[in-house]
Every structure is written in structure tokens, then in C-alpha cells.
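The values are calculated or read from the model by the stated rules, or taken from the named source; none is laboratory data. Here the structure is a predicted model, which is why all the values come from computation and not from measurement. Cβ placement follows ideal geometry from the backbone for every residue including glycine, while neighbour counts extend to all protein chains displayed. In case anyone asks, the SASA skips ligands and DNA or RNA and just uses the protein heavy atoms, side chains included. Shrake-Rupley method; radii C 1.70, N 1.55, O 1.52, S 1.80 Å.
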Amino acid sequence: MKLFMASSAHRLLFLNACLLLLPLLPTSGQRSTYIIHMNSSSMPASQPTHHDWYSTILENMSLATPNSTTSGRPQLLHTYHHALTGFAATLTADELRAMEDSSGFIAAYPDLEIKLHTTRTPQFLCLNHDTGLWPSSSYGDGVVIGVIDSGVWSESPSFNDGGMSPAPLWWNGTCELGTRCNWKLIGARSFNVSSSTADGESARDNDGHGTLVASVAAGAPVSGASFFGYANGTAVGMAPRAWISVYEVADARTLVAFTCNVLAAMDAAIADRVDVISIAMGLTDLVPLYEDPFAIASFSAMKKGIMVVFSAGNDGPWNYTVTNAFPWAITVGGSSVDRRITGTLTVDGDSFTGVSLYPLSKLLVDLPLVYNATISHCNSSELISQAAAGKIVVCHGLGGIGSMFYQIAAVNASEAAAAVFVTDDALFLEDGEFACPAIALDLDTGEVLLRYLSSLPYPTASMEFQETQVSGFLGPVIAAPAIGTYSSRGPSLISPDVLKPDVVAPGTRILGALANPFAVKSGTSFASAHVAGIAALLQAANYHSWSPAAIRSAIMTTAHQLDNTGDPIKDSATNSEATPLAMGAGHVDPNRALHPGLVYDAGEADYVSFLCSQGFSQEQIMAIVGVDSYDCSSPSPHLNYPSFIAFFPPQPLWPGPQSFMRTVTNVDTKPAVYRAFVRQPVGFTVSVQPEELVFNATMATNTANFVLTIVQNEEPVTMVSSGSLTWVHEEFTYTVRSPIVVVAERAPAFP
């Protein structure tokens, strides 16, 4: 399973080809893995279990083709009972065609490759021991978070079980050999059928990604945590008293995972009765909802009341790159915190602070500093060695996002003692790592340095590492959050009528557990881990009475849109105000989410009605929701979602007014009046009817309905225009905000 590392090239050019993706048949002499979706009601009465039924189907298939040139027989890899009903098996092209004629067959999905998408963040999120979500939820006590990832390094102090209660009696999970479970880590299983680790099939984490995700979501407090001196402090997860169960799905040798294994892990997590599932990974190929195992399995989890939290992906900063955009789950983008991990360059008494994560406490003193036009682009290790062997080289190549990686490779291969990178690569300034002593400066700081160097005939410099700056602590205010350049943006190609991502959370340079024992990493994986922990806290605080949709609504409608300086949250890629396509409803605010006032609730029937309005066939809808849940008697595009997105193509295709019907539930239960306040998108008029919602003791239900309508006034001047609807409590006790996004183009059409 590959880490969800941000890409340096936009892949939208071939997305249209991906839209036409069909299951590829193996050649006649080749076996490939397929997930076979079956109708459980078709199982013959003579078969005692589904496993026996599937085994019989495969055995009969082998007998029917005795002269097959393909070595071996069809192999049953997994049996699924909860995420969907069916199995995974290796099949030839002929066997796959024969399978399609089997009784009970619904669909076959190719086994697709998947890529894997703290000391400061609790304070940054204002979680504290005195008030708010932590004490109200008992720190997540009584909630199980299932982490489907690359496994776990169980010896990490983040999984210490001091003060924890034993696993509940209803818990169905198990702990396999090779992993040390305790009263904190109550489950650990491997679902990698190709695993060949030294300790057999084991949930042990040979990559570190899963360990870090689990520790961010629910790690126990660990004092004195740091990454080689960086980000020193007490590391603690969002829900430190929650139980953790880990499901390993990545191959220990290749760190690649496939959908058949992930589906088996989700199937087990549902059966084990976890409360929250964290999935920090995504498909490498674009497929429609009815062919996406993540979509199908997360729908099954939602039906069981399980909150599924997905990472949005690390293919930013371009639009239409968000993944895992399922209406019944929450999708999380990544943002920064008010902490910088830095190094300092000192030239003739003047200091220049930049980004560094060089992991050694190396101090370079009074080395010659080399900057000239011949080597400034740092694209040749040979030229760098000739000019700067044993010296500090200054690199100044402006290539945009991704350009730094080539410069670093050249410097690493050279004989230079260290490097200073002056760069416009926003991605690297957020997430860069160095194998050599190096510091990266942004353009403003770098230009000052270069002008200063031009006045010195023979400059020398010193470099110092392992520095951490915290906003306002003996230093300047560090504006945060800002949307990570790496974080994937909406709209969604597979479900454009639902705004994704839903929210953003800390994902940039996050400290978490690893085998050594901590690391600092960036990505939406760690942002979604924060939200998984927050969802667990909300589950505990509300005694498991809130639906997944209610929890998502509380997180979204209480999110904030201003940074710690009071300015609008910025997009790191452009240094301008972030739009909802990058940040959804905004940045999570756990304590406000505890008391949202109103929620936009939804359940299984609502999602089925929405799917029925999206142009899917009966077979395609049944593939997502299951045979028993299919009911298209009341199709409706008005999914009760806490955000709004509309597409208005340019002339001559201007559509008429677009309306959205919504229902809000008063979770405060007290009589109340809410009034609508609208911030208008530029070029559009948004109206709400009624403009006032009244909740009183005589109401049969604690709900109220309204309709929001968007009308276009003029030709759009920008591709994306945004506004908001906020329901404000009469005593200003609650503000319930939903983003409104208008995109000036035709909505993407998915086959």
C-alpha cells in the first residue's frame, strides 16, 4: 500500500479515460483476482454456509473445465458477510464469464490497487482537560476505533494501556500472533493474503503509516515525544481513552494493498462491532460508485451505525482530485497547525529561518557559501561538486510544485556539505524532508538572502537544525490553519452533487507514533485520523445515540473559516483565501461540535432515494445498497446534506433556479427560534424559505424544513463562487453554518 504522497503532476488529463473504466478480463492463460458480489437469498438450501456455497461454485467451475491450460484451480481468497455479500477469488477469463451465469450473481469487480493516503494538535484544536469535548466524552472511553491501514507497531508507548478498561463483553475482535494486544489495543489482524513476513500473517506494521494514523486518532499520552528533537512535547491522540483495533491490509514487501483485502478488513471491522472506521487510503483508478468497494462497504457500515472517516487524497492542489467522495461518509482534507519545524542559516551575524526536517543535531560553522548563476538551478551534481565541494551551496530554481525533488537529488549526489534552497515549491515548503543538511527558504526570505550575498565578496555561513517554532511563543504569530498544497480538492467526479471534502483537519507535519518511536509526516491520512478521533469523542459524549450523519453534520456546521489571526483561512498553494472546494465547510472545531444546536440527519432510506435520482440502473443501485435495501419508489435529489453545490454552465446553457430541500433537527431539545443569514455568492442570489425556523414544545417532531434556492444574476466572473447559509439561534447560543458553492461549468457526467 503506497503512501498518499502528493503528486507533482496533474493527472486530470487521463481522468476522462478512467471514466470509461471497465473490469478488464484476464487473458485465457492468466488468473486475476476478482470480488464477486452475490445475492445471499439465492443460496441453495443444501448449502450450510455461504462459504460452502462459494466453494462449491468454484469447485464445479474447475470440474467443468478439466482441460484448462491454466495451472491450478480457482482460489477462494476471502468470504464477505457484512461489507457486502460475496467472495474474492482468482479466476481466468473463461471462469469469470461462467461466474456471470451463476445463480445469485450480481456483479464482479476487478481487484484494484490502493495507495495510502501529536504534540501540538490537541492544543491547536483547543482540547483541554477542564471544559469541552474531552471531559464531556471521558476522552472517548467506551468507543472502538477500527484502523484499516498498514498495521501497527504495538510496542509503541502510544498504545500503553495504563488507565484503560478491558475490552467490552460484546467485542468480537481478535489479536493475531506477532502483535502485542492489551487493554488499549484490543484487536489486530492481517488481511493480506500475500503476506510473507517473518512472523507469518501478522498485523505488524512494516511501513509505519498505520501506526501513525492509529496514534493520532486515539494514542495514549506520551511525554517527551519528538522526532530527533523536532516538535518536542507530549504526544496524545484525539480520543486517548478509546480502544483501537487494527486491520492490516498492506503487503510487507511492496507496501501495496488491493481492494479484496481491504474489503475483507472492512467486513471484519463491521462484524467486530467497531464504532468508527478510519480509512486513510484510496483507489489509484477512478471508478463509479457501484464498482467502488470502499463505497459499497462504507454504505454497509453506515447501515450498522458505524461512522466511516476517509482521507480526501494527496493529489492537490488541483480541482476534481478528491477521492472517497461518498455521500454516506465523511471525507477530510489536510491543513497546517501553528507550529513550524525549522533550521537557521546565519550569515555574517544575520539569521534566516527556513523549513528543515534534517534528523541530526548537526551544527555547521563558518563554511563558505556558494551562489552563482552556473549552479544556481542545482540540476547537475557534477557542477555542484566542482563549485561547492565541502561548502554550502545555494540553489535558486523556480520550477513550481514538485521542482525541489530534482534539486535535492542532485545535491545529495554531490560533494557539497550542505544546501540552502530558495524555492516557490509550496508543496516542499510544507512537507520537505532532507537526507543532507539543508534548509528551504520561501521566496520572500530567499530574495533578502540573495541580495545580502551579493554585497559580500566571500560569504561564510553557519547552519543549525532541530528547531521548533510555536506561534506566539517567544516568536511571531504563525498564521494557521492553511490548506495543505497536497490536499485534494473538489468537486468530486464520481458524486458531483455532494460537496467534498467535507472539512479539513491538521495534516501538515504531524507528530505520531512510529517504531523509532515517533515521526513527523504530512498528508490527508493524518487529517482524517484527527476526525476519526473527534467522531469517537462525539459518539462517547452522546452515548452512541447520534447517527453517522448527525456526527458529520455537527463537525461540518461548527467548523470555522478564519485562522488564528482572524483572517480567512488561506490556500497554501495560492496564498489566497481558500474556497470550499479546498476546505469544505472549514476547519474542525471539536468543542463547538459538542453542541451544534441543529443537525442535518440522514439514514439508509435517504441515501437510497438520492442514488435513485442519479441515473443509476437498478442493478447498479443494488450493488451499492444491497438487494434488501433497494427501493426506488421515492427518488429524490435532495439529500439532507449540510452543504450546497450547484453547477451553472455559461451561456447559452444557463439553467433556471436551482432549489435544495433540507430538514434540520433541534438536538438541543429546548424551544428555540433560528433565523437565516445568507452570504451571497458573487453573481448569484440565494434565498431561503422560510427565513425563520421555530421549534416549540407542541411540535410532534423536533425537526423543521426549508428550501434554499440559487438564481444566477449575471455571467460568472470566476470559475468558483462561494457563500454560506447560517442559521443563528435567537439568543446567539448556536450558529449552524453550511457552505454554498457555485461552479461556472457543466456538472461532470459519470457513466
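Tabulated data for the structure shown
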quantity	calculated
Among the candidates LEU598, LEU499, LEU493, LEU511, residue that is open to solvent by less than 10 Å² (accessible area, probe 1.4 Å), of a type in the set (A, V, I, L, M) and at pLDDT below 95	LEU511
Conditions (1) assigned to a helix (DSSP H, G or I); (2) within 27 Å of ALA480 (Cα to Cα): number failed by GLY400	(1)
Segment 31-64, subset open to solvent by less than 30 Å² (accessible area, probe 1.4 Å) and assigned to a helix (DSSP H, G or I), residue nearest to ALA297 (Cα to Cα)	TYR54
Filtered residue count, segment 407-433, keeping only those that are in a loop (DSSP other than H, G, I, E, B) and either under 20 Å from ASN314 (Cβ atoms) or polar (S, T, N, Q) (or both)	6
Failed item, numbered, when GLU731 is tested on (1) open to solvent by 40 Å² or more (accessible area, probe 1.4 Å); (2) closer than 23 Å to GLN561 by Cβ; (3) at pLDDT below 85; (4) not aromatic (Phe, Trp, Tyr)	(3)
Pick from segment 71-81, criterion surrounded by fewer than 19 Cβ atoms within 10 Å (Cβ to Cβ) and not basic (Lys, Arg), ranking: farthest from ASN39 (Cα to Cα)	SER71
Subset of segment 654-676 [under 31 Å from the mean Cα position of the chain (by Cα) and part of a strand (DSSP E or B)]	GLN658, SER659, PHE660, MET661, ARG662, THR663, VAL664, THR665, ASN666
Residue check for GLY72: at pLDDT below 90 and on the phi > 0 side of the Ramachandran plot	yes
Those residues of segment 385-409 which are hydrophobic (A, V, I, L, M, F, W, C) and open to solvent by 10 Å² or more (accessible area, probe 1.4 Å), in sequence order	ALA387, ALA389, LEU398, ILE401, PHE405, ILE408, ALA409
Test: residue in segment 607-619 that is of a type in the set (Gly, Ala, Ser) and buried (at least 24 other Cβ atoms within 10 Å of the Cβ)	no
Within segment 124-149, considering residues that are touching an Asp or Glu at 6+ places or on another chain (Cβ under 9 Å) and modelled with pLDDT under 90, the one nearest to ALA89 (Cα to Cα)	LEU125
Neighbours by Cβ (under 7 Å, 6+ apart or cross-chain): first from segment 708-721, within 10 Å of VAL742 (Cα to Cα); second outside any strand (DSSP E or B) and of a type in the set (S, T, N, Q)	VAL720/THR579
Tally, over segment 269-279, of residues that are under 14 Å from HIS82 (Cα atoms) and either open to solvent by 10 Å² or more (accessible area, probe 1.4 Å) or charged (D, E, K, R) (or both)	4
Complete set of residues in segment 85-105 that are part of a loop (DSSP other than H, G, I, E, B) and open to solvent by less than 10 Å² (accessible area, probe 1.4 Å)	THR92
ARG592 vs. criteria of a type in the set (Lys, Arg) and buried (at least 21 other Cβ atoms within 10 Å of the Cβ)	no
Selected residue [surrounded by 21 or more Cβ atoms within 10 Å (Cβ to Cβ), closer than 26 Å to ALA329 by Cα, touching a strand residue (DSSP E or B) at 6+ places or on another chain (Cβ under 8 Å) and not polar (S, T, N, Q)] from GLY446, GLY484	GLY484
Within segment 238-297, strands (runs of 3 or more DSSP E) holding 2 or more residues that are among the aromatic types (Phe, Trp, Tyr)	243-248
Of the criteria (1) at pLDDT below 95; (2) surrounded by 24 or more Cβ atoms within 10 Å (Cβ to Cβ), which one SER300 fails	(1)
Residue ID - surrounded by the most Cβ atoms within 10 Å (Cβ to Cβ), chosen from residues in segment 324-345 that are touching a helix residue (DSSP H, G or I) at 6+ places or on another chain (Cβ under 9 Å) and of a type in the set (Val, Ile, Thr)	VAL332
Qualifying residue in segment 741-749 (condition: of a type outside the set (D, E, K, R), part of a loop (DSSP other than H, G, I, E, B) and touching an Asp or Glu at 6+ places or on another chain (Cβ under 6 Å))	no
Among (1) part of a loop (DSSP other than H, G, I, E, B); (2) crowded, with 24+ Cβ neighbours inside 10 Å - the single one SER553 does not satisfy	(1)
Given (1) modelled with pLDDT under 85; (2) within 31 Å of the chain's Cα centre (by Cα); (3) not polar (S, T, N, Q), index of the condition ILE710 fails	(1)
Residues of segment 305-323 classified as assigned to a strand (DSSP E or B) and either within 24 Å of GLN123 (Cα to Cα) or open to solvent by 10 Å² or more (accessible area, probe 1.4 Å) (or both), total	3
